Every structure is written in structure tokens, then in C-alpha cells.
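Below is one structure, written out as C-alpha cells; the observations come after it.
Rule-based calculations on the coordinates, nothing more; no lab input. These numbers were taken from a predicted model, which means no experiment stands behind them. Every residue, glycine among them, receives a Cβ derived from its backbone with ideal geometry; neighbour counts consider all protein chains shown.
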Amino acid sequence: MEKEPKAYLASGIKSADASGCDLHKPPANEKEARARPDWPWWKQAIKEEVAAHKKLGTWSKIKVNNKKHKAVKT
């Protein structure tokens with residue numbers, strides 16, 4: 001399906017219609033992505049993006065439990 005995205009879209013139309021999702025519009029958040037029939041691809045994309053940010057040093061996970069640091073929602 002990766003080589004034939006149109007075939008993928010055609011195969012997912014029934015399940016997309018049933019779930020009410022638009023396969024041409026990206027999900028707004030992970031919760032929306034999980035509800036879509038193409039969730040496995042979104043999950044892989046999320047993993048790759050986080051890995052790229054870690055490699056570039058532009059993202060890290062921290063615990064925020066004091067008033068010195070403030071978490072930024074993304």
C-alpha cells in the first residue's frame with residue numbers, strides 16, 4: 001500500500017466512512033489518529049518524528065514538578 005496510496009485510500013473508504021474520518025485530512029491529535037483506520041501508519045510516523053527530534057537534540061522528556069520549569073503543551 002505504501003507504493004500505491006490511491007489503492008490504500010480506496011480500500012479504507014468504507015471503514016473511514018463508518019468512523020467518520022476524512023483520509024485526506026490529517027488528524028488534529030493522537031486521539032484522533034488512534035480512531036482512524038490508518039492508525040498503524042500514524043503510529044510509525046510519530047515514532048520516526050520523535051526519534052528524529054531526539055537525534056537532533058530538539059526534544060527531550062523531563063519531569064516537571066517544581067515552579068522553575070513550565071511544561072509546554074504541543
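Which FRET efficiency, nearest 0.05, do Ala28 and Glu49 yield, Cβ-Cβ r, R0 22 Å? Provide the component values of the computation, followed by the final result.
Numbers: r = 16 Å, r/R0 = 0.71.
Efficiency for this residue pair is about 0.90.
In terms of distances greater than 24 angstrom between alpha carbons, the cross-link table entries Lys25/Lys47; Lys31/Lys73; Lys43/Lys73; Lys25/Lys54; Lys31/Lys67 yield Lys25/Lys54; Lys31/Lys67.
3J(HN,Hα) along the stretch 32-48, derived from phi through the Karplus expression 6.51 cos²θ - 1.76 cosθ + 1.60 where θ = phi - 60°, amounts to 5, 5, 5, 7, 8, x, 9, 3, x, 6, 5, 4, 5, 5, 4, 4, 5 Hz, with x in place of Gly and Pro.
Cβ neighbours within 10 Å, averaged per peptide: list 30-37, 50-57 in order, most packed at the top.
Values: 30-37: 14.1, 50-57: 10.2.
Output ranking for 30-37, 50-57: 30-37, 50-57.
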